[in-house]
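Written out below as structure tokens is the structure these notes cover.
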Amino acid sequence: MTIPTPPDPTVAETVKHLPHAITTYLRESDPQRKANAHDLLSAFAPDATVLDDGNAYTGHDEIHRWRENAATEYTYTVEITHAEKLDETHYVLTNHLEGDFPGGVVDLIYRFTLDNDLITNLEIAP
């Protein structure tokens, strides 16, 4: 797995110690690689919810469809610019995206909630 090293050394150190479910999600959602749906979904609890762009996706089937659509809609690059462990079950990452989507550049905040080492909730918002 290769997760690009963020320029901020504190972010880089935090990224090194992210839980397996989050690193799996980051690897499998990297727009520069072909995602493996089985590996991506292994990071999520069966009843997990993803909130993205005003929509909620609950359960593996909906999360799979969401990722398939998100992965093919635009071409873009991602750089982690902030990573923070709030407590044992909550993490916040900021990803800087550049691509051919409207506006071309955006910083998105990813709020992860974990339970039993799986993502139970992921909220993505500017």
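The values are calculated or read from the model by the stated rules, or taken from the named source; none is laboratory data. Quantities reported herein were computed from a predicted structural model and do not represent experimental measurements. In this analysis, Cβ positions are derived from the backbone assuming ideal geometry, glycine residues included, and neighbour counts consider all displayed protein chains.
From (1) assigned to a strand (DSSP E or B); (2) of a type in the set (A, V, I, L, M); (3) under 13 Å from the mean Cα position of the chain (by Cα), pick out the condition that doesn't hold for Ala71.
Of the numbered conditions (1) assigned to a strand (DSSP E or B); (2) of a type in the set (A, V, I, L, M); (3) under 13 Å from the mean Cα position of the chain (by Cα), the odd one out for Ala71 is (1).
For the range 108-117, check the following and say yes or no: at least one residue is polar (S, T, N, Q), in contact with a Leu (Cβ under 6 Å, 6 or more places away or on another chain) and on the phi < 0 side of the Ramachandran plot. Spell out the reasoning first.
Our first condition is that a residue be polar (S, T, N, Q); within the range 108-117, this holds for 113, 116.
Restricting the remaining residues to those that are in contact with a Leu (Cβ under 6 Å, 6 or more places away or on another chain) gives none.
The answer is no; no qualifying residue exists.
If I filter the range 63-78 down to residues being among the β-branched types (Val, Ile, Thr) and closer than 23 Å to Pro19 by Cα, which single residue comes out as surrounded by the most Cβ atoms within 10 Å (Cβ to Cβ)?
Across the range 63-78, the extreme among qualifying residues is Ile63.
For His90, indicate whether it is in contact with a Leu (Cβ under 8 Å, 6 or more places away or on another chain) and exposed (fewer than 14 other Cβ atoms within 10 Å of the Cβ). Show your work before the answer.
Details: in contact with a Leu (Cβ under 8 Å, 6 or more places away or on another chain): yes; exposed (fewer than 14 other Cβ atoms within 10 Å of the Cβ): yes.
So His90 passes the test.
What single numbered condition from (1) at pLDDT 95 or above; (2) in a strand (DSSP E or B); (3) crowded, with 17+ Cβ neighbours inside 10 Å; (4) of a type outside the set (A, V, I, L, M) fails to hold for His60?
Against the list (1) at pLDDT 95 or above; (2) in a strand (DSSP E or B); (3) crowded, with 17+ Cβ neighbours inside 10 Å; (4) of a type outside the set (A, V, I, L, M), His60 comes up short only on (2).
Residues in the range 87-126 that are part of a loop (DSSP other than H, G, I, E, B) and hydrophobic (A, V, I, L, M, F, W, C): how many?
1
Do we have Thr81 as free of Cβ contacts under 8 Å to residues at least 24 places away in the same chain, among the polar types (S, T, N, Q) and either surrounded by fewer than 18 Cβ atoms within 10 Å (Cβ to Cβ) or closer than 19 Å to Glu123 by Cβ (or both) here? Can you show your working first?
Values: free of Cβ contacts under 8 Å to residues at least 24 places away in the same chain: no; among the polar types (S, T, N, Q): yes; either surrounded by fewer than 18 Cβ atoms within 10 Å (Cβ to Cβ) or closer than 19 Å to Glu123 by Cβ (or both): yes.
Spelling it out, it is not the case that Thr81 is free of Cβ contacts under 8 Å to residues at least 24 places away in the same chain, among the polar types (S, T, N, Q) and either surrounded by fewer than 18 Cβ atoms within 10 Å (Cβ to Cβ) or closer than 19 Å to Glu123 by Cβ (or both).
With the checklist (1) of a type in the set (Lys, Arg); (2) free of Cβ contacts under 8 Å to residues at least 40 places away in the same chain; (3) closer than 21 Å to Thr14 by Cα in hand, flag the one item Lys34 doesn't pass.
Single failed check for Lys34: (3).
I'd like to check something: does the range 106-113 contain any residue that is over 21 Å from Pro19 (Cα atoms) and modelled with pLDDT of 95 or more?
yes
Which residues, taken from the range 98-111, are out of contact with any His (no Cβ under 7 Å at 6 or more places or on another chain) and either hydroxyl-bearing (Ser, Thr, Tyr) or within 21 Å of Ala56 (Cα to Cα) (or both)?
Phe101, Val106, Leu108, Ile109, Tyr110, Arg111
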